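Working notes, beginning with the structure itself.
The values are calculated or read from the model by the stated rules, or taken from the named source; none is laboratory data. What you see is a predicted model, and the numbers here were worked out from it, not measured in a lab. Every residue, glycine among them, receives a Cβ derived from its backbone with ideal geometry; neighbour counts consider all protein chains shown. The area values use the complete protein model at the heavy-atom level, side chains included, leaving out ligands, DNA and RNA. Shrake-Rupley method; radii C 1.70, N 1.55, O 1.52, S 1.80 Å.
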Amino acid sequence: MEMKKPVGRREIKKAATRERIIEVARELIAQQGFLETTILQITDMADVSERTFFRYFESKDDLLLLDLVSYFDLVEAEVMRRPRSEDPLRALLEAIVSGIHQRIDEVLEVPIFRPHRSGVDLTGQLARNYLNFELRVAQALTDRLVDSGVDAETARFRADVAAKLGVSTLRAAVREVFQELPERLHPETDQLIGRIERAFAIAAEEFQLFSQAGVLHGQ
């Protein structure tokens with residue numbers, strides 16, 4: 001069994017610096033708003049240089065997506081914890097739901113589902129984060145399938161299809177839930193999870209109908 005290398009002092013210091021910047025940024029943004037908060041204010045209060053800030057973040061806008069990235073990390077880890085007997089799409093759905101239950105406060109933060117409230121167009125950054133999430137899910141699902149005995153080539157293709165279908169289904173469900181709500185309200189946990197589960201059921205049903213029609217067999 002391979003031993004994990006101990007975390008060095010440098011890595012611990014870097015992690016602490018990043019967390020301090022995030023904590024200060026959250027405090028300032030909560031007090032005065034995102035647009036009014038500057039990088040200089042953040043670095044002064046965190047007692048770091050602007051150069052240090054840019055070692056951790058490409059721009060101030062990245063601070064709005066921290067909870068989304070953290071949630072995606074959690075879902076990826078949950079995918080790998082799910083029983084290998086589950087099919088890929090089911091494992092992803094259960095991981096998504098588990099992640100919401102564990103991190104409901106962060107998952108429902110404005111920047112994740114309503115980035116326009118910040119006054120910043122995060123469309124491109126959201127798309128990149130979702131794409132990165134999709135790629136990571138595909139790798140996790142591939143590893144699961146290989147572990148269960150599926151050959152590597154088949155596993156990669158099957159996992160890629162499941163990841164693309166699952167992440168697109170998640171985005172569609174979330175979009176619909178928030179479109180139904182007044183601007184300043186968050187959905188109830190059961191409402192959000194129920195819509196996500198319904199969306200996955202529809203995806204599975206459509207796929208089954210597609211198969212039954214003979215399209216998958218060239219008929």
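Provide, for q = 0.18 Å⁻¹, the log10 of I(q)/I(0) from a solvent-free Debye sum over equal Cα point scatterers in the range 1-75.
Reported log10 I(q)/I(0), two decimals: -0.77.
What is the calculated FRET efficiency for Gln102 to Glu58, with r their C-beta to C-beta distance and R₀ = 41 Å, to the nearest 0.05? Intermediate values should be presented prior to the final figure.
Working: r = 28 Å, r/R0 = 0.68.
Efficiency, from the Cβ-Cβ distance: 0.90.
What is the distance, in nm, between label points placed 7 Å from the Cα along the Cα-to-Cβ direction at Asp143 and at Arg198?
Placing both labels 7 Å beyond Cα along the Cβ direction yields 3.4 nm.
Write down the Å³ per residue value for the convex hull defined by the alpha carbon atoms of the range 128-176. Intermediate results must be reported in sequence, preceding the final value.
Details: hull volume 2.8 nm³, N = 49.
Value for the range 128-176: 58 Å³ per residue.
Go ahead and run the numbers for FRET between Ile22 and Ser49, Cβ-Cβ distance against an R0 of 22 Å, rounding to 0.05. Before the final figure, lay out each step's value.
Working: r = 16 Å, r/R0 = 0.74.
Rounded to the nearest 0.05, the efficiency is 0.85.
So with the 1.4 Å probe, I'd like the accessible area per residue for the range 1-96, rounded to whole Å².
Numbers: 6220 Å² over 96 residues.
Accessible surface, normalised per residue, equals 65 Å².
Provide the gained length on full extension for the span Asp87 to Glu153, in nm with one decimal, where the gain is 0.36 nm per separating residue minus the Cα-Cα distance. Show your work: numbers first, answer last.
On the way: separation 66, 0.36 × 66 = 23.76 nm, distance 1.67 nm.
Contour length minus the Cα-Cα distance gives 22.1 nm.
I need the peptides 23-30, 55-62 ranked by packing, meaning the mean over residues of other C-beta atoms within 10 angstrom, with the highest value on top.
Numbers: 23-30: 16.6, 55-62: 14.2.
Descending packing order for the listed peptides: 23-30, 55-62.
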